[in-house]
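K.L.:
Okay, here's the structure, questions in a sec.
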Amino acid sequence: MSMGGEAVARGVGGGRARTLAAWATPVRLLALALAFVAAVIAGVIGFSVNQPWLGLHMDFDARAGGAVVASAAGPGKAIPPGTVIVEVSAGGDRLRLERDDLTGQVDGSFGPFAEFQRFMARQGRYAAMMRQPQMTLTDSTGRDWTIRPTWGRPLRTFGVDFWIGVVVGVVAWLTSAAIFVFRPREASARYMLLSGFAMLFCAPIGVMYSARELALPETAFYLINGVNFLGGSLFSAALLALLLYYPKTLAPRWVGLLVVGVFLAWYAAQALGWFADLTFARRFLTLCGLGGCFVLSGVHWRRTRRDPVARAALSWFLLSWVVVASAFVAIVLAPQMFGVDTSAVEPYGFLLFLLIYGGLAVGIMRYRLFELGEWWGRIMAWTLGLLLLAGLDMLFLAGLRLSTELSLSLALLICGLGWLPLRGLIAERVLGRGKTDDRALFEGVVQIGLTAAPADQLSQWVAVLKARFDPLRLDVGEAGDRARLEDDGVALVTPALPGLPALRLEYARGGRALFSPADLAQADALADMLRFVFESRDAYERGVVGERKRIAGDIHDNLGASLLSALHSRDGERKDRYIREGLADLRSIVTEPTGAEAGLAETLAASRKEMAERLQVRGVTLDWPVRDQPDDGVDSKTAQSLRAMLRELTNNIIKHAGATAVRVALAREAGELVLRVEDDGAGFDPATVTPGAGLGGLVERAARHGGVVQWFRGASGRGTQVAIRLPLATVN
């Protein structure tokens, strides 16, 4: 061929490839997958329905020596449940029922191939009898029951195990196909598609013969059983090959094809009868494939220690694979190696494989990988513990021939003393669950709030985040109100705080893990704690500024006024009084609570002490009951005004009254706060006295709060009683 011809050929081939690629859109490929699975399931159901129907459900009972009729309908409805069928005859042929005739698990029920071939021959003879116009079933009493089989088995007669196999095959195929159509270039997706294809021919076709009434034609049975084992072999090969390329590529492309080829060659060898034992031929390579999956998983675990996304994806697979495969082996395959019939539970065991496809789908599609770390370790640890318990129990029971109770007790004792401490060590060392120093984190956050320089605050905040999360990379991120996870948990972005930017942390725990929802919650908690520290510091600083302003105002209004009055007073006694008041004001400003924190009780207590001291110097006694003092709702300004008025009244008593006793009372009366001060001195006539600076000051202070000042004669006819009334509405 000329070079021009080769170019034309390449052009035509390339054009066809481009045309095929343009046609093979995900929607069309999914439609093909649906059509294919519909055709397969239609064939499975069509074959299963298109069989002679006896209307009997029988279970072999070795103690009864035959097959016990569990239920009867249709052609066999005349046979009462509980009847033990021991022999079947029709068309001149007669067979006595054996246990293996009704087994649902063919591969694990026979040892030598000769037994398997004998079983298949008997199935062919039973199937031929079922196709006769009538057949005779002989029970254990010798009675013959004649049945006329009808062609076509109703769908309603198929049990749950049949539909479980159908559902598992459909879900496995559609899940793998859905992943493949979106990632056709990835080797992992292609091998997953192969595993789904294999499961489609393993689970539904397997239940075709496990759900049979009595028998299937020999040739069809051979074919169905062979396809079922081929599906199982391809499934094991596909999973083993998948782990060569997922989540990391471990081998060249041809190695995966070689693995599949080895399993196909093994299948051909057993089909040609090269193995003497059927159980070995059907189970050995599958168990080797399981072991190979564990080995490759360990290699991947080591290779992904610095790739948290790949580690999380692998964890999904390991979680599903270890749990499912181990459970299936423990429940179905391993007991068969010891001669235990597990045909009753095998169809339900296929349900476990749905978890494998769920884990693979989640891992390959990278869906919410960051949520895995919270519970993956716990499930894996408990699964391994249960497997260890089951393995030890089987070892003691089958290997050492111990009693059931003793073997289980020893297994529990060994697991309790050995596995549980080891599990805790693994959780702390291998899975990275060391204890967090909460005290150090708290001290670090508080120290940030106490630091003044913004640059120092940022460096300390970075140090706290590094101590807690150990990220490989830390940089400024986009601001937000709350922390958030990005890139499947590769990055965690902290919220912006007053004076601090949002920070983006990448690759937690030195690159060994993804950030989890627990990390997200702790980042928010640390940010909230730091925000609270900042707010508390700001509130403290505002309080300091407010206190300074209060002191300045009190000095100006009270102390300044007293000193100014003393400065301009020519009366020596009055000057002394002003100086004493100034000293009292100074003591009050510096040492006593005021403002919003100074309640009526504290203020009046200070006034009581001051008043008692001043009166005592003059030989005057003070009677001021402290019980039942009304304090609720009275603001600090009113309390300070009352104190000032008490001080002025004390001055007047000392200067003018000549009293020997003073009584003070404070009460609530008819919506008013009433302060009464009464002395036993000389008294005066309010109508004839012109209020000076002292009395005028009382009236002025009361008026500021909407109140009044009243003067009366003392109750005994001596002295003076002053009543200061303030409306509660203005003092609250």
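K.L.:
For R28 and A521 in one chain, what is 0.36 nm times their gap in residues minus the Cα-Cα distance, to one decimal in nm?
P.N.:
Gain in length upon complete extension: 173.1 nm.
K.L.:
Treat each spin label as a single point 7 Å out from the Cα along the C-beta direction, and report the R618 to A552 distance in nm.
P.N.:
3.7
K.L.:
A follow-up question, please. I'd like the Kirkwood hydrodynamic radius of the stretch 52-151, using the inverse of the mean 1/r over distinct C-alpha pairs, in Å.
P.N.:
Answer for the stretch 52-151: a Kirkwood hydrodynamic radius of 13.9 Å.
K.L.:
Under 5 Å between amide H atoms, partner at least 5 residues away or on a different chain: which partners does T621 have, H built in plane at 1.01 Å?
P.N.:
Placed amide hydrogens put A661, V662 under 5 Å from T621.
K.L.:
Find out how many positive minus negative residues lie around N225, taking Lys and Arg as positive, Asp and Glu as negative, among other residues whose Cβ is under 13 Å from that of N225.
P.N.:
With Lys, Arg at +1 and Asp, Glu at -1, the net is 0.
K.L.:
Then there's this: Determine the gain in length on full extension of the stretch V699-L417; use 0.36 nm per residue of separation and subtract their C-alpha separation, reporting nm with one decimal.
P.N.:
Extra length available between V699 and L417 comes to 92.8 nm.
K.L.:
When the chain is fully extended, how far beyond the present Cα-Cα distance does T136 get from V160, taking 0.36 nm per residue of separation?
P.N.:
Length gained, T136 through V160: 5.8 nm.
K.L.:
What whole-number distance in Å separates the alpha-carbon centres of the stretch 471-503 and the stretch 649-664?
P.N.:
Going from one Cα centre to the other spans 71 Å.
K.L.:
Given a Förster distance of 41 Å, report the FRET efficiency between R63 and S409 from their Cβ-Cβ distance, rounded to the nearest 0.05.
P.N.:
For R0 = 41 Å, the calculated efficiency reads 0.85.
K.L.:
Rank these for me by crowding, S297, S109, S188, S409, going from fewest to most other beta carbons within 10 Å.
P.N.:
S409, S297, S109, S188
K.L.:
Which FRET efficiency value, to the nearest 0.05, is calculated for L257 and A114 with the Förster distance at 41 angstrom and r the Cβ-Cβ distance?
P.N.:
Given R0 = 41 Å and the Cβ-Cβ separation, E is 0.70.
K.L.:
Taking the number of other C-beta atoms within 10 Å as the exposure measure, put C288, C202 in order starting with the fewest.
P.N.:
C288, C202
K.L.:
Starting from the 7 Å offset along Cα-to-Cβ, what nm value, one decimal, do you get for the label separation of W151 and L223?
P.N.:
My value for the distance between the label points is 1.8 nm.
K.L.:
Give me the distance in nm between label points sitting 7 Å out from Cα along the Cα-to-Cβ direction at K466 and E669, one decimal.
P.N.:
Computed distance between label sites K466 and E669 equals 7.3 nm.
K.L.:
Once R0 is set to 41 Å, what does the formula 1/(1 + (r/R0)^6) return for the Cβ-Cβ distance between K609 and E541, expressed as a FRET efficiency to the nearest 0.05?
P.N.:
0.80
K.L.:
Show me, for the stretch 154-163, the HN-Hα J-couplings you get by feeding each phi into the Karplus relation (A = 6.51, B = -1.76, C = 1.60, θ = phi - 60°), rounded to Hz, glycine and proline as x.
P.N.:
Per-residue couplings from phi come out as x, 4, 5, 7, 7, x, 4, 4, 5, 6 Hz.
K.L.:
Further question: Is the shape of the stretch 489-556 best called rounded, prolate or oblate, per the rule: a/c under 1.5 gives rounded, else a/b larger than b/c gives prolate, else oblate, with a ≥ b ≥ c the square roots of the Cα gyration tensor eigenvalues?
P.N.:
prolate
K.L.:
Compute the whole-percent fraction of alpha carbon pairs in the stretch 225-283 spaced more than 13 Å apart.
P.N.:
Cα-Cα pairs in the stretch 225-283 separated by more than 13 Å: 61 percent.
K.L.:
Work through the residues other than L497 whose Cβ is under 11 Å from its Cβ and net out their charges, Lys, Arg +1 and Asp, Glu -1.
P.N.:
Net charge around L497: -2.
Only the coordinates and a few stated rules stand behind these numbers; no lab work does. Treat the numbers as computed from the prediction; the structure is a model and nothing was measured. Note: ideal-geometry Cβ built from the backbone for every residue, glycine included; neighbour counts use all protein chains shown.
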